[in-house]
Amino acid sequence: MSPRPPIPDPLQRRVRQHCGYGCALCGRMPTQIEHIEPYSKVLEHNFENLVLLCLECHGEVTAGRQSKRAVLDARDKPFSVSKDRAHYSPRLGNQFAVSLGSVGFSSAIGNSFAPFSVNGIKPLKISLLDRAVVSLRVFDRSGSLAVSIVETVFQFVPSKLWDIRLSGTRLKVSYGMRKIVLDAEISNSNINFRAMRFSVDKFPIVVDKDGIMFPNTKNGFSKLSFDATSHNDMTFFSIGASDGQRVFDFNYVPSVSDKDAWDAALKTRR
Ligand SMILES: [Zn+2]
């Protein structure tokens with residue numbers, strides 16, 4: 001028998017989009033693409049025979065506690081599509097740091113912090129309780145919510161335009177064929193946002209390996225690390241109106257239009 005060929009990338013993407021990125025039975029990530037009729041029987045990768053399952057549901061199916069009928073029904077009406085979200089809930093420890101490209105942020109147990117605020121809105125917040133609790137809201141350039149993390153549960157809205165892959169420690173969210181919206185490395189002690197392109201209050205923010213950049217203000221930070229161990233509820237820097245403690249502060253100067261800032265950011269900082 002010839003070796004089993006890999007499932008081609010475009011077919012994998014189609015299966016993820018069809019199932020709404022989460023397990024067809026329970027909506028959880030990470031998932032694997034499984035054959036409903038075993039590959040050894042059908043000897044082909046056929047879209048209709050492929051389904052996304054999490055490891056736990058796959059185990060239930062293999063053990064016979066979940067019927068093939070249930071998997072077929074879930075393939076027709078995947079959980080994430082009917083509930084409008086796929087979710088991923090990493091287990092974080094209480095020793096926790098977050099970095100945005102080359103800029104790192106940390107604090108002591110018991111404290112909360114927000115790396116930055118825009119007009120008083122803090123899109124990314126970390127609370128170090130008995131476990132780290134992370135919240136984030138990522139909006140696309142039109143202001144629609146693309147990805148949210150609600151108390152460490154990543155939530156993704158199913159869309160045929162998106163692709164979301166979680167493989168090992170790496171989470172990648174892309175729009176269209178290749179535009180990366182979010183690329184993060186996640187472990188129990190760290191989230192490193194390697195790349196993000198999003199907006200807060202329609203204000204574009206770009207994160208890449210160099211750091212964090214606010215194209216409208218032509219300001220950014222790179223190769224820095226911040227530690228707010230002696231402060232609770234710290235916002236490290238803010239743009240526009242703000243309140244509370246902060247390390248840095250700069251004003252939103254709309255010298256460049258939002259659209260021009262986006263276009264420049266997307267062109268020059270890939
Ligand atoms: Zn599942």
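For the residues 71, 118, 81, the requirement of being of a type in the set (Val, Ile, Thr) and in contact with a Pro (Cβ under 7 Å, 6 or more places away or on another chain) singles out 81. Tallying residues that are in contact (Cβ under 8 Å) with a residue 24 or more places away in the chain and part of a loop (DSSP other than H, G, I, E, B) within the stretch 77-96 yields 11.
The residue list 89, 82, 102 contains one member that is farther than 20 Å from residue 156 by Cβ and either among the hydroxyl-bearing types (Ser, Thr, Tyr) or within 11 Å of the ligand (Cβ to nearest atom) (or both), which is 102.
Just so you know, in the stretch 1-21 the residues that are away from the ligand (no atom under 11 Å from the Cβ) and within 20 Å of residue 83 (Cβ to Cβ) include one that is nearest to the chain's Cα centre (by Cα), and it is 21. Suppose the filter is at pLDDT below 80, of a type outside the set (Gly, Ala, Ser) and surrounded by 22 or more Cβ atoms within 10 Å (Cβ to Cβ); does residue 212 pass it? Criteria not met by residue 212. Go through the stretch 22-46 and give me each residue that's at positive phi and either within 12 Å of the ligand (Cβ to nearest atom) or acidic (Asp, Glu) (or both). Across the stretch 22-46, the qualifying residue is only 27.
The values are calculated or read from the model by the stated rules, or taken from the named source; none is laboratory data. Keep in mind the model is a prediction, meaning the values are calculated, not measured. Please note: Cβ atoms are built from the backbone with ideal geometry, for glycine as well, and neighbour counts cover all protein chains shown.
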